[in-house]
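Here's the structure we're looking at; comments come further down.
The values are calculated or read from the model by the stated rules, or taken from the named source; none is laboratory data. The structure displayed is predicted, hence computed values, not measured ones. Cβ sites come from the backbone with ideal geometry, for glycine too, and all protein chains shown count toward neighbours. Only protein heavy atoms, including side chains, enter the accessible area calculation; ligands, DNA and RNA are left aside. Shrake-Rupley method; radii C 1.70, N 1.55, O 1.52, S 1.80 Å.
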Amino acid sequence: MNGTTTETRNRTGSDELVFFVNGKKVVEQNPDPEMTLLTFLRRKLGLTGTKLGCAEGGCGACTVMLSRYQPHSQRLLHYSVNACLAPLCSLHLVAVTTVEGIGSVARKLHPVQERIAKAHGSQCGFCTPGIVMSMYALLRNNPTPKMADVEEAFQGNLCRCTGYRPILEGYKTFTVEGGCCRGRGKDGCCLTNEKAALQSSKDANEEAPSLYNTADFEPYDPTQEVIFPPELMNLSKSNRSTRSLRFHGDRTTWLQPESLEEFLLLKWKHPDARVVVGNTEVGIEGKFKNLVYPVILAPGFIPELNAVNQTEDGIVFGAACTLSHMGEVLKEAVRSLPPHQTEVFKAVLEQLQWFAGQQIRNVAAVGGNIMTASPISDLNPVFMAAGCKLTLMDKDGSREVQMDDGFFTGYRKTAVRPQEILLSVHIPYSKKCQFVSAFKQSPRREDDISIVTAAMSVTFSPGSDIVKDLRLSFGGMAPVTVLAKKTANRLLDRQWGEELLQDACCSLAEEMRLDPSAPGGMAAYRQTLTLSLFYKFYLTVLQKLRLQGVGVQEVSSDCLSATEVYHPETPSSVQVYQAVPEGQSQEDVVGRPIMHLSALKQATGEAVYCDDIPLFENELYLALITSTKAHARILSVDTSAAKRCPGVVSFLFASDIPGSNITGLGHDETVFADSEVTCVGHIIGAVVADTQVHAQRAAKAVKIQYEELKPVVTIQEAIATQSFYETIRTLQSGDLETGFKQADHILEGEIHIGGQEHFYLETHVTLAVPRGEDGEMELFASTQAPSDTQSHVAKALGVPENRVLVRVKRLGGGFGGKESRNSLLATAVALAANKLKRPVRCMLDRDEDMLITGGRHPFYGKYKVGFLQSGKVVALDVDLYSNAGNSMDLSLAVMERALFHVENSYCIPNFRCQGFLCRTNLPSNTAFRGFGGPQGMMVAENWITDVAHTLGRSADEVRRLNLYRKGDVTPYNHVLDALTLDRCWDECLSRSEYEKKRAAADRFNRENRWTKRGLAMVPTKFGISFIATFLNQAGALVHIYKDGSVLLTHGGTEMGQGLHTKMIQVASRVLGIPSSKIFISETSTNTVPNTSPTAASSSSDLNGAAVQIACETLLKRLKRYKTKDPEGSWEDWVEAAYFDRVNLSANGFYRTPDLNYDFDTNTGRVFNYFSYGVACSEVEIDCLTGSHKNLSTTIVMDVGHSLNPAIDIGQVEGGFMQGLGLFTLEELHYSPSGVLLTRGPGSYKIPGFGDIPSHLTVSLLRDSPNDKAIFSSKAVGEPPLFLASSVFYAIKDAIRAARAESGITGAFRLDSPASAERIRTACCDQFTKLCPPAEPGTFSPWSVRV
């Protein structure tokens, strides 16, 4: 290393690391090469606004902005990055800006923070700081962005709560479009949608125009931004900025060479060293594959590796050029060069558009993408098809190699020798007669890994259609990126026509054969894609040849859509709600769209989540030891290697539990597995160490020997082996036999509905603090059910429940996943704290959380339906099977709700449904928004669609015919006396312009062979109450202090749904005081005992009524003082009551009346009331790839008299988007042996910003008071989720049109989710026939449908 560096080198041989955080200088003497920026910010600096969501750069919760001065260009570079992947050691002379650094509630908000909050774009708030920083980084580079820039900036950010629409609308105000929808809305501005609201209302003066007022926003002044630290500028300009650096850690040494020469010498000396620029690959390998690299070389700042040079025949990019920089250079080249020269560049840009998220593209290097040698790389097929040249170098010289079929030598291997480095990649100009296209097919369009990527290049003899050169390159079809050389060679010197197409498809089907057991699965689909993508290329080239005047066959107009390149449309939206009555006091905030009370704190990073609580002085960290087998006996547990790991303090196993090891709602689980494990992820024990890293390393070092037993993994395996839990529920009404005799037609069908991961952005987390006497234990937990957590912990500790205090400030999302499963973690953490008498913390990593905690129950429904020629259904017999997993948990209640919803909104006179709970060796599935209702209703929509297809009728016509009417009786004998379904249906029909869209879609389908549109209108009827009657109770505690301020506590937890905000609105109205005087601190078991979980959509109803009762009690006590001093203030009355020794504290208790259902006799009332809604969705599918676009959705939702329209519309949109994921995108993959293969955002895809319907209208039904709940409101959390099935059935409608092109009619099976694979496979055509799937049973599949 260069001798000039020794001035700052310390005794360990490390240099000083100097960087700035929020303008403050940080000098780190011994930086750990394995530490990320995120860990440093949160644990060393206490800056907890930046969140950990996934640790793999897939969710954006950890987004920060880095700023660097570039001496060679003499300009500042600002860019967003994922702090969870950014190595601390890479930050020398960098300025880091976190969400705390741009504004705060206490100081001053930045407009980026203010607008997301006031536009109602923050619900649970855990993702908010990351989204704020993505937008902030964009504005620092471009103060007046276009809306497309905003959408691109958010490609790497996820949100599970909001549905994204309010975030985009809030930030639209920064753009050049200025929030105007440019006429795409209903003749009005997208942001205020005032005219749209007026137009669509018969009584316009009562319909509110907007959820917020943009005039309230602080103006954005880019000149007022924080300056780059002057000291850092001086350091960057000095020679210190380019010198060599060395950092030593316990296991890794980080070497940052200052010159190419030094880098080559280091690579010669350390040939096995990993070269790191962006750390987007190595960071993930270290975290998830447990790989340790003794030496890391970081050459990111060597000038030659960052150089970009234009040559006579192309552009040469240094290997360390980031993908963002490469994209900018290529865009400029496309703008300035003749079109015929930029075919390759445009193909690269097409792939870059969908390559990861902005945060990854900002740091990932083009050389890293090549050298990683991923078989599903987006860019390598383009480089290969274009014949890019690579310059390789070692200390003795350089050589040039072409990226061809010899470059990738095996899985993740290249022809580059160990001591060589990749210096640069040469991307050539295209020739006049050359055409290049690139394709990527992935489950989600934005920020997703590919299923298949392809790049194709063809060169013709000048002025002809004779093929002179053809390269067809594919990713995802082998362990390496491959060239289809046999096919290409067969097509040389031939005319580009129909005959060539036929031969090419037959040849590709043969050459691109895939083993049905191949990793990634979907073998037939992947093979079909190679043909479909070539066909798209074929048509595209035909068009281009014609444009050049070559006499080739014209592409028929109905095939033109197959050549279109996808361009996202900026979404527009309308929200409609009923204004508060004229004359309502301004201080009465009930019914007004007030902002979530924590939104501003969430947007600044000041909102405290469980893991944000500062570390206690002697705190320890816990990591779980979990099973790697689905079903096995434990033979031995060896902790000897783990004990030798640094920082280890203790281990916990079943023998360490002072109380009971039995846990779970069904008392059929253990805290720690004792002798047998029944799923992968089953908790066997725990390690406690001084840090998270040490605890996790030690947990992985524990060796367990098993005797494997045969697992039951899928529903079908459970049916075959009769592996069921004992309770089988049956619901029956009418006379089934008579009903089927009356029917003109009887059909049978089935559908499988896949499970779903909750993907709350904040994973499970608990901090336990022993209080030192009488067995007291205080827990800070992210739980929806504090009382259940208290009960399970007390039982395991062997103490009464009054010794355990559970406190919940807020949750970073819950969705049911933290209703019962938090106890798994909380109990283990509490046991460790009790044993060691020290505070213990654990926050699960995303992969652990997904592995251990279960999700939505997969369902399988078999049905037999009898119906008349008119479409009227007269008899229905359904068997439902759910995959419960390895314990009962809430599975019986989930199945009961499914039974109560399996007729959805349709009146069926003769009905029977049986529910079976499959006992399998998967982690126990649990509550999830909708709680079995969506699965039951999905079966209903499937059979009603089958009925329509069998009759050749419109499914929506058959739905309307069978809808419940007022006074009808459900199969569980509930008389529907307050039905608003018909009103919701008619309003949705009108607002969506259904008839007009149907006619337009039919016309579109006649005119397009390979793109089809579909529509569907779907109703929902969702029962509100806990099915377990005893849970329908709630308590509240209200204190009025001497100064007139009010402290409110109730039994519900705040997880983003705005419950605390609504409770303050209720208290404000009842007490008649401004909401600013009322405060909710937290939910805790020592203020309101025996609380029901915050679940079942009932929390506002239950807790609101309890708050009302408590406040009314206090009002009665204050009445005499108000009467005595009518002109006095609230503070005067409170003071008078205090001096008169009046109790200014009251509790309220509420139980829902008249709930007494009995399953055995099918009598009594199961639900308090129903929430109704209808959605109409339109989609467009690409029949060749299976991709789909969500064109429009109109939702009409009955929420009674909304307590808060902004929160309720947010719940409708958020629930809809979560349902969109369930029914069209999210897919859990399990191996045949029960191992979860999708354990993070890299492999499990929830909807992103780009999945919002292009046109989204949400209308809250007006004039529909509900006398069964607080202030005539209705529940809103779960009911809207199922309306996303309208997208699924619109897809099915489009597939039906595609099948008709192949002469296939009638009912067909489409399982959920409607993934690209299922859509493509269902669109049977000549390409699918060339790639038939392997027969089940003839191979071992990569994944199974559980």
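Summary of values
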item	result
Overall Cα dimensions of the stretch 811-927 - principal axes, largest extent first, Å	71, 28, 22
Cubic angstrom per residue, convex hull over Cα atoms of the stretch 408-507	156 Å³
Nearest-20 debye value, the chain charge dipole, Cβ charges on Lys, Arg, Asp, Glu	1160 debye
For peptides 1264-1271, 808-815, 1314-1321, sequence by mean Cβ density within 10 Å, most packed first	808-815, 1314-1321, 1264-1271
For the chain, fraction of C-alpha pairs farther apart than 60 Å, in %	13 percent
Relative contact order %, the chain, counting alpha carbon pairs below 8 Å whose residues are six or more apart	11 percent
Evaluated over the stretch 114-181, the Cα radius of gyration and Dmax, each in Å	10.9, 29
Trypsin sites (Lys or Arg not before Pro) restricted to the stretch 1069-1159 and DSSP loop, no more than 14 other C-beta within 10 Å	1141
Neighbourhood net charge (13 Å Cβ-Cβ; Lys/Arg +1, Asp/Glu -1) for residue 1295	+1
Of 118/1124; 809/1292; 331/1189; 237/289; 544/1012; 118/1245, pairs whose Cα-Cα distance is over 32 Å	118/1124; 809/1292; 237/289
Listed residues 624, 372, 692: farthest to the positive end of the dipole of the chain (Cβ charges)	372
Loop-resident sites, the stretch 747-796, for GluC sites (Glu not before Pro), counting at most 10 other Cβ within 10 Å (DSSP)	773
At least 30 Å along the helix axis (C-alpha) and Kyte average at least -0.5, DSSP helices within the chain	523-547, 1099-1124
Within the stretch 611-703, chymotrypsin sites (Phe, Trp or Tyr not before Pro) in DSSP loop having at most 13 other beta-carbon neighbours inside 10 Å	616
Whole-Å distance, taken between Cα centres, linking the stretch 657-726 and the stretch 450-502	51 Å
Rg over Rh, two decimals, the stretch 778-838 (C-alpha only, Kirkwood Rh)	0.95
The stretch 1061-1095 and the stretch 787-836: distance between their alpha carbon centers, rounded to Å	22 Å
Cα centroid of the stretch 855-891 to Cα centroid of the stretch 983-1019, whole Å	28 Å
Cα-centred dipole magnitude for the stretch 986-1070, charges only on beta-carbon of K, R (+1) and D, E (-1), debye, nearest 20	500 debye
All aspartates and glutamates inside 20 Å of residue 997 as judged from Cα atoms, apart from same-chain residues fewer than 8 positions distant	187, 558, 569, 956, 957, 986, 987, 1007, 1178, 1180, 1182, 1293
Distribution of pairwise C-alpha distances over the stretch 1172-1247, 5 Å bins, in %	3, 11, 16, 19, 16, 13, 11, 7, 3, 1, 0
Pairwise Cα inverse-distance average, inverted: Kirkwood Rh of the stretch 113-152 (Å)	10.7 Å
Residue-normalised accessible area of the stretch 1047-1148, given per residue in Å² at a 1.4 Å probe	39 Å²
P(r) histogram, all alpha-carbon pairs of the stretch 456-512 included - 10 Å bins from 0, percent	24, 53, 20, 3
Computed helical MRE - 222 nm, the chain, DSSP H runs ≥ 4 contributing -39500 (n - 2.57), nearest 500	-8500 deg cm²/dmol
Those aspartates and glutamates that a straight Cα-Cα span of less than 16 Å connects to residue 468, excepting residues fewer than 8 apart in one chain	493
Cross-link partners of residue 44 among aspartates and glutamates (Cα-Cα below 13 Å; sequence separation of 8 or more within a chain)	28, 32, 612
Share of carbon and sulfur in the accessible heavy-atom surface of the stretch 1187-1251 [1.4 Å probe, %]	53 percent
